1. Looking at region 240-265, which of its residues are part of a loop (DSSP other than H, G, I, E, B), within 30 Å of residue 212 (Cβ to Cβ) and touching a strand residue (DSSP E or B) at 6+ places or on another chain (Cβ under 8 Å)?
2. So residue 243 clears everything in (1) more than 28 Å from residue 222 (Cβ to Cβ); (2) modelled with pLDDT of 95 or more except one condition, right? Which one?
3. Can you name every residue in region 51-68 that is modelled with pLDDT of 95 or more and under 19 Å from the mean Cα position of the chain (by Cα)?
4. Mind checking whether some residue in region 266-275 is in the same structural domain as residue 38 (by TED's automatic domain parsing), assigned to a helix (DSSP H, G or I) and touching an Asp or Glu at 6+ places or on another chain (Cβ under 6 Å)?
5. May I ask you to say which residue of 148, 125 is over 30 Å from residue 257 (Cβ atoms), in the same structural domain as residue 241 (by TED's automatic domain parsing) and small (Gly, Ala, Ser)?
6. Which members of region 60-86 meet the condition of being surrounded by 24 or more Cβ atoms within 10 Å (Cβ to Cβ) and assigned to a helix (DSSP H, G or I)?
7. Considering every residue within region 264-271, establish whether at least one is more than 15 Å from the chain's Cα centre (by Cα) and aliphatic (A, V, I, L, M).
Amino acid sequence: MFNFRTKLVAVGMMACALGAGEARADEFINVLTGGTSGVYYPLGVALSEIYGKNIPGVRTQVQATKASVENLNLLQQGKGEIAFALGDSVKAAAEGDAEAGFPQKLDKLRAIAAIYPNYVQIVASQESGIKSFADMKGKSLSVGAPKSGTELNARAIFGALGMSYDDLSRTEYLPFGESVELIKNRQLDATLQSAGLGVASIKDLASSVPITVVAVPAEVAQKLGAPFQAATIPSGTYQGQKEDVPTLAITNILVTRSDLSDDEAYQMTKQLFEHLDQMVAAHNAAKAIKLEDAIKGLPVPLHPGAARYYKEKGLM
(Lines give C-alpha, C1' and ligand atoms only; values in the text may rest on other atoms or scores of the structure.)
Protein backbone atom coordinates (compact mmCIF):
# COMPACT_ATOMS: atom_id res chain seq x y z
CA MET A 1 0.00 0.00 0.00
CA PHE A 2 0.98 3.61 -0.51
CA ASN A 3 1.40 4.51 3.16
CA PHE A 4 1.80 7.94 4.71
CA ARG A 5 5.57 7.80 5.02
CA THR A 6 5.95 6.71 1.41
CA LYS A 7 3.72 9.60 0.44
CA LEU A 8 5.93 12.07 2.32
CA VAL A 9 9.04 10.83 0.55
CA ALA A 10 7.25 11.02 -2.78
CA VAL A 11 6.06 14.54 -2.06
CA GLY A 12 9.61 15.54 -1.16
CA MET A 13 10.79 14.26 -4.53
CA MET A 14 7.93 16.05 -6.27
CA ALA A 15 8.89 19.31 -4.56
CA CYS A 16 12.37 18.94 -5.97
CA ALA A 17 10.98 18.19 -9.42
CA LEU A 18 8.62 21.16 -9.30
CA GLY A 19 11.45 23.52 -8.48
CA ALA A 20 13.65 21.96 -11.13
CA GLY A 21 11.13 22.68 -13.85
CA GLU A 22 12.78 25.97 -14.75
CA ALA A 23 15.94 25.22 -16.74
CA ARG A 24 17.33 28.67 -15.94
CA ALA A 25 16.83 28.45 -12.19
CA ASP A 26 19.78 30.11 -10.48
CA GLU A 27 18.96 29.45 -6.84
CA PHE A 28 18.90 26.18 -4.92
CA ILE A 29 17.34 25.48 -1.53
CA ASN A 30 18.21 22.26 0.25
CA VAL A 31 15.94 21.89 3.30
CA LEU A 32 17.67 19.95 6.11
CA THR A 33 15.15 18.14 8.29
CA GLY A 34 15.40 14.99 10.45
CA GLY A 35 14.29 11.38 10.37
CA THR A 36 11.19 10.58 8.33
CA SER A 37 9.23 9.48 11.44
CA GLY A 38 9.72 12.82 13.20
CA VAL A 39 8.09 16.25 12.77
CA TYR A 40 10.92 18.06 10.99
CA TYR A 41 10.56 15.91 7.88
CA PRO A 42 6.90 16.52 6.97
CA LEU A 43 7.30 20.21 7.76
CA GLY A 44 10.43 20.30 5.62
CA VAL A 45 8.55 18.70 2.73
CA ALA A 46 5.84 21.36 3.06
CA LEU A 47 8.43 24.14 3.24
CA SER A 48 10.15 22.80 0.14
CA GLU A 49 6.85 22.79 -1.75
CA ILE A 50 6.08 26.35 -0.62
CA TYR A 51 9.47 27.60 -1.78
CA GLY A 52 9.37 25.67 -5.04
CA LYS A 53 5.97 27.11 -5.97
CA ASN A 54 6.35 30.68 -4.71
CA ILE A 55 9.98 31.75 -5.12
CA PRO A 56 10.68 32.36 -8.83
CA GLY A 57 13.65 30.55 -10.33
CA VAL A 58 14.38 28.28 -7.38
CA ARG A 59 15.00 24.53 -7.19
CA THR A 60 14.28 22.74 -3.94
CA GLN A 61 15.22 19.50 -2.24
CA VAL A 62 14.39 17.87 1.10
CA GLN A 63 17.17 16.01 2.92
CA ALA A 64 16.41 13.58 5.75
CA THR A 65 19.16 13.79 8.40
CA LYS A 66 19.94 12.97 12.02
CA ALA A 67 18.40 16.40 12.81
CA SER A 68 19.77 19.34 14.81
CA VAL A 69 23.49 18.72 15.27
CA GLU A 70 24.05 17.27 11.81
CA ASN A 71 21.93 20.00 10.23
CA LEU A 72 23.95 22.80 11.82
CA ASN A 73 27.27 21.27 10.82
CA LEU A 74 25.99 20.81 7.25
CA LEU A 75 24.96 24.48 7.11
CA GLN A 76 28.41 25.57 8.26
CA GLN A 77 29.89 23.43 5.47
CA GLY A 78 27.63 25.06 2.88
CA LYS A 79 25.67 21.83 2.30
CA GLY A 80 22.23 23.24 2.98
CA GLU A 81 20.32 26.51 2.74
CA ILE A 82 17.82 26.16 5.59
CA ALA A 83 17.61 23.76 8.51
CA PHE A 84 15.39 22.81 11.41
CA ALA A 85 17.23 22.74 14.76
CA LEU A 86 16.55 22.82 18.48
CA GLY A 87 17.35 26.10 20.22
CA ASP A 88 19.78 24.56 22.69
CA SER A 89 21.68 22.89 19.82
CA VAL A 90 21.91 26.23 17.98
CA LYS A 91 23.27 27.86 21.13
CA ALA A 92 25.82 25.05 21.60
CA ALA A 93 26.88 25.35 17.95
CA ALA A 94 27.43 29.10 18.21
CA GLU A 95 29.51 28.60 21.37
CA GLY A 96 31.55 25.68 19.97
CA ASP A 97 30.48 23.11 22.55
CA ALA A 98 32.64 20.08 21.68
CA GLU A 99 30.65 17.70 23.91
CA ALA A 100 27.51 18.62 21.99
CA GLY A 101 29.17 17.81 18.66
CA PHE A 102 30.67 21.20 17.75
CA PRO A 103 34.49 21.16 18.12
CA GLN A 104 34.64 24.73 16.81
CA LYS A 105 32.25 27.66 16.85
CA LEU A 106 29.90 27.61 13.87
CA ASP A 107 30.16 31.26 12.86
CA LYS A 108 28.07 31.13 9.67
CA LEU A 109 24.74 30.34 11.35
CA ARG A 110 21.99 32.93 10.99
CA ALA A 111 18.37 32.70 12.13
CA ILE A 112 15.33 32.83 9.87
CA ALA A 113 12.69 32.35 12.59
CA ALA A 114 11.89 30.82 15.94
CA ILE A 115 9.07 28.41 15.15
CA TYR A 116 7.19 25.83 17.26
CA PRO A 117 8.40 24.24 20.53
CA ASN A 118 9.73 20.72 20.80
CA TYR A 119 8.41 18.78 23.77
CA VAL A 120 10.55 16.21 25.54
CA GLN A 121 8.32 13.15 25.36
CA ILE A 122 9.36 10.11 27.37
CA VAL A 123 7.19 7.10 26.67
CA ALA A 124 7.46 3.65 28.22
CA SER A 125 5.53 0.46 27.68
CA GLN A 126 3.14 -0.14 30.59
CA GLU A 127 4.63 -3.61 30.80
CA SER A 128 8.00 -2.08 31.81
CA GLY A 129 6.55 -0.77 35.06
CA ILE A 130 8.06 2.70 34.52
CA LYS A 131 5.80 5.36 36.03
CA SER A 132 8.27 8.12 36.91
CA PHE A 133 11.68 9.29 35.73
CA ALA A 134 13.29 7.71 38.80
CA ASP A 135 11.87 4.37 37.64
CA MET A 136 14.25 4.53 34.66
CA LYS A 137 17.00 3.12 36.87
CA GLY A 138 17.76 -0.40 35.76
CA LYS A 139 15.62 -0.06 32.60
CA SER A 140 16.52 0.26 28.92
CA LEU A 141 16.03 3.58 27.13
CA SER A 142 16.61 4.95 23.64
CA VAL A 143 17.85 8.54 23.79
CA GLY A 144 17.91 9.36 20.06
CA ALA A 145 20.75 9.34 17.56
CA PRO A 146 24.20 10.04 19.09
CA LYS A 147 24.69 13.77 19.79
CA SER A 148 21.37 14.60 18.12
CA GLY A 149 19.31 17.42 19.59
CA THR A 150 17.16 14.79 21.29
CA GLU A 151 20.18 13.06 22.82
CA LEU A 152 21.55 16.38 24.10
CA ASN A 153 18.18 16.98 25.77
CA ALA A 154 18.30 13.54 27.36
CA ARG A 155 21.81 14.11 28.70
CA ALA A 156 20.80 17.48 30.16
CA ILE A 157 17.76 16.02 31.94
CA PHE A 158 19.71 13.13 33.44
CA GLY A 159 22.34 15.57 34.69
CA ALA A 160 19.77 17.91 36.24
CA LEU A 161 18.30 14.98 38.17
CA GLY A 162 21.66 13.73 39.41
CA MET A 163 21.52 10.68 37.17
CA SER A 164 23.44 9.41 34.14
CA TYR A 165 23.13 6.77 31.45
CA ASP A 166 25.06 4.49 33.81
CA ASP A 167 21.86 4.21 35.85
CA LEU A 168 20.19 2.43 32.93
CA SER A 169 20.46 -1.26 32.19
CA ARG A 170 21.03 -0.35 28.52
CA THR A 171 21.23 2.85 26.50
CA GLU A 172 20.26 2.79 22.84
CA TYR A 173 21.09 5.60 20.40
CA LEU A 174 18.37 5.15 17.81
CA PRO A 175 16.03 7.26 15.64
CA PHE A 176 12.39 7.55 16.68
CA GLY A 177 10.95 4.88 14.41
CA GLU A 178 13.53 2.24 15.31
CA SER A 179 13.08 2.94 19.02
CA VAL A 180 9.34 2.37 18.73
CA GLU A 181 9.79 -0.92 16.89
CA LEU A 182 12.04 -2.25 19.67
CA ILE A 183 9.43 -1.35 22.31
CA LYS A 184 6.73 -3.09 20.28
CA ASN A 185 8.93 -6.18 20.16
CA ARG A 186 9.61 -6.08 23.92
CA GLN A 187 13.29 -5.40 23.33
CA LEU A 188 13.27 -1.91 24.87
CA ASP A 189 11.47 -0.36 27.85
CA ALA A 190 11.23 3.30 26.89
CA THR A 191 12.10 6.03 24.40
CA LEU A 192 12.87 9.73 24.86
CA GLN A 193 11.88 11.81 21.86
CA SER A 194 12.17 15.57 21.52
CA ALA A 195 9.55 16.55 18.93
CA GLY A 196 6.32 18.39 18.30
CA LEU A 197 3.22 17.10 20.04
CA GLY A 198 1.52 14.25 18.22
CA VAL A 199 4.73 12.94 16.64
CA ALA A 200 3.94 10.03 14.32
CA SER A 201 6.34 7.58 15.96
CA ILE A 202 4.69 7.82 19.40
CA LYS A 203 1.21 7.77 17.88
CA ASP A 204 2.20 4.55 16.18
CA LEU A 205 3.49 3.08 19.45
CA ALA A 206 0.41 4.10 21.44
CA SER A 207 -1.86 2.44 18.89
CA SER A 208 0.12 -0.80 19.18
CA VAL A 209 0.83 -1.31 22.90
CA PRO A 210 -0.37 0.28 26.18
CA ILE A 211 1.99 3.13 27.08
CA THR A 212 2.86 5.42 29.96
CA VAL A 213 3.88 9.00 29.20
CA VAL A 214 6.54 9.74 31.82
CA ALA A 215 6.74 13.17 33.50
CA VAL A 216 9.86 15.32 33.60
CA PRO A 217 9.87 16.96 37.08
CA ALA A 218 9.17 20.70 37.08
CA GLU A 219 12.44 21.55 38.85
CA VAL A 220 14.40 20.37 35.81
CA ALA A 221 13.37 23.45 33.81
CA GLN A 222 14.48 25.70 36.67
CA LYS A 223 17.86 23.95 36.96
CA LEU A 224 18.57 24.00 33.23
CA GLY A 225 17.29 27.51 32.49
CA ALA A 226 16.84 29.01 29.00
CA PRO A 227 16.17 27.81 26.36
CA PHE A 228 14.42 25.09 28.39
CA GLN A 229 10.99 25.86 29.84
CA ALA A 230 8.35 23.96 31.77
CA ALA A 231 5.54 22.64 29.56
CA THR A 232 2.68 20.16 29.48
CA ILE A 233 1.74 17.28 27.19
CA PRO A 234 -2.08 17.61 27.23
CA SER A 235 -4.20 14.59 28.06
CA GLY A 236 -5.36 12.73 24.97
CA THR A 237 -2.32 13.67 22.91
CA TYR A 238 -1.69 9.94 22.57
CA GLN A 239 -4.04 6.98 22.76
CA GLY A 240 -4.45 5.87 26.36
CA GLN A 241 -2.97 9.08 27.84
CA LYS A 242 -5.64 10.11 30.36
CA GLU A 243 -3.87 12.94 32.19
CA ASP A 244 -1.78 16.04 31.48
CA VAL A 245 1.93 15.22 31.83
CA PRO A 246 4.55 17.82 32.89
CA THR A 247 7.66 18.02 30.73
CA LEU A 248 10.15 20.41 29.11
CA ALA A 249 9.85 22.42 25.90
CA ILE A 250 12.60 23.88 23.74
CA THR A 251 11.92 26.24 20.84
CA ASN A 252 12.84 25.06 17.35
CA ILE A 253 14.60 27.47 15.04
CA LEU A 254 14.86 27.68 11.27
CA VAL A 255 18.50 28.45 10.56
CA THR A 256 20.36 29.49 7.41
CA ARG A 257 23.88 30.59 6.42
CA SER A 258 25.41 34.05 6.54
CA ASP A 259 26.53 33.81 2.90
CA LEU A 260 23.01 33.25 1.58
CA SER A 261 21.81 36.28 -0.39
CA ASP A 262 19.58 38.78 1.43
CA ASP A 263 16.91 38.39 -1.23
CA GLU A 264 16.77 34.62 -0.87
CA ALA A 265 16.64 34.78 2.93
CA TYR A 266 13.90 37.42 2.68
CA GLN A 267 11.82 35.22 0.40
CA MET A 268 12.33 32.14 2.58
CA THR A 269 11.04 34.09 5.59
CA LYS A 270 8.18 35.78 3.76
CA GLN A 271 6.89 32.62 2.06
CA LEU A 272 6.98 30.67 5.34
CA PHE A 273 4.67 33.11 7.10
CA GLU A 274 2.42 33.71 4.09
CA HIS A 275 1.76 29.96 3.74
CA LEU A 276 1.48 28.77 7.32
CA ASP A 277 -1.75 26.97 6.42
CA GLN A 278 0.28 24.55 4.28
CA MET A 279 2.67 23.93 7.18
CA VAL A 280 -0.25 23.18 9.51
CA ALA A 281 -1.71 20.80 6.92
CA ALA A 282 1.60 18.91 7.00
CA HIS A 283 1.68 18.63 10.81
CA ASN A 284 -0.36 20.09 13.67
CA ALA A 285 2.84 21.17 15.45
CA ALA A 286 2.97 24.09 12.99
CA LYS A 287 -0.11 25.59 14.64
CA ALA A 288 2.31 26.99 17.22
CA ILE A 289 4.31 28.97 14.63
CA LYS A 290 3.46 32.63 15.27
CA LEU A 291 4.86 35.68 13.47
CA GLU A 292 4.89 37.65 16.73
CA ASP A 293 7.20 35.06 18.33
CA ALA A 294 9.58 34.67 15.37
CA ILE A 295 12.42 36.82 16.70
CA LYS A 296 12.16 35.93 20.40
CA GLY A 297 15.04 34.20 22.20
CA LEU A 298 17.26 33.61 19.17
CA PRO A 299 20.76 32.37 20.12
CA VAL A 300 22.32 33.50 16.82
CA PRO A 301 21.88 36.73 14.79
CA LEU A 302 19.04 37.13 12.35
CA HIS A 303 19.97 36.95 8.69
CA PRO A 304 19.66 40.51 7.26
CA GLY A 305 17.17 39.23 4.67
CA ALA A 306 14.92 37.85 7.41
CA ALA A 307 15.33 41.06 9.40
CA ARG A 308 14.08 43.03 6.38
CA TYR A 309 10.83 41.02 6.41
CA TYR A 310 10.29 41.53 10.14
CA LYS A 311 10.90 45.27 9.77
CA GLU A 312 8.21 45.37 7.09
CA LYS A 313 5.87 43.65 9.55
CA GLY A 314 6.67 46.13 12.33
CA LEU A 315 8.41 43.62 14.59
CA MET A 316 11.73 45.48 14.53
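1. Taking region 240-265 as the starting set, the residues that turn out to be part of a loop (DSSP other than H, G, I, E, B) are 240-244, 258-261.
So of that shortlist, the ones also within 30 Å of residue 212 (Cβ to Cβ) come out as 240-244.
Those that are part of a loop (DSSP other than H, G, I, E, B), within 30 Å of residue 212 (Cβ to Cβ) and touching a strand residue (DSSP E or B) at 6+ places or on another chain (Cβ under 8 Å): 240, 241, 244.
2. Only one criterion is unmet by residue 243, namely (1).
3. Result: 61, 62, 63, 64.
4. no
5. On the way: 148 fails: over 30 Å from residue 257 (Cβ atoms).
One residue alone meets the criteria, 125.
6. Scanning region 60-86 gives 68, 69, 71, 72, 75.
7. Step one: list which residues in region 264-271 are more than 15 Å from the chain's Cα centre (by Cα), which gives 264-271.
Cutting the leftovers down to aliphatic (A, V, I, L, M) gives us 265, 268.
Yes, the conditions are met somewhere in region 264-271.
Conditions tested, residue by residue: (1) more than 16 Å from residue 216 (Cβ to Cβ); (2) acidic (Asp, Glu); (3) at pLDDT 95 or above.
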site	(1), (2), (3)
137	no, no, yes
147	yes, no, no
157	no, no, yes
160	no, no, yes
163	no, no, yes
176	yes, no, no
184	yes, no, yes
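The values are calculated or read from the model by the stated rules, or taken from the named source; none is laboratory data. Remember, predicted model here, so these are calculated numbers, not experimental data. Methodologically, a virtual Cβ is constructed for each residue, glycine included, from the backbone with ideal geometry; neighbour enumeration extends over all protein chains shown.
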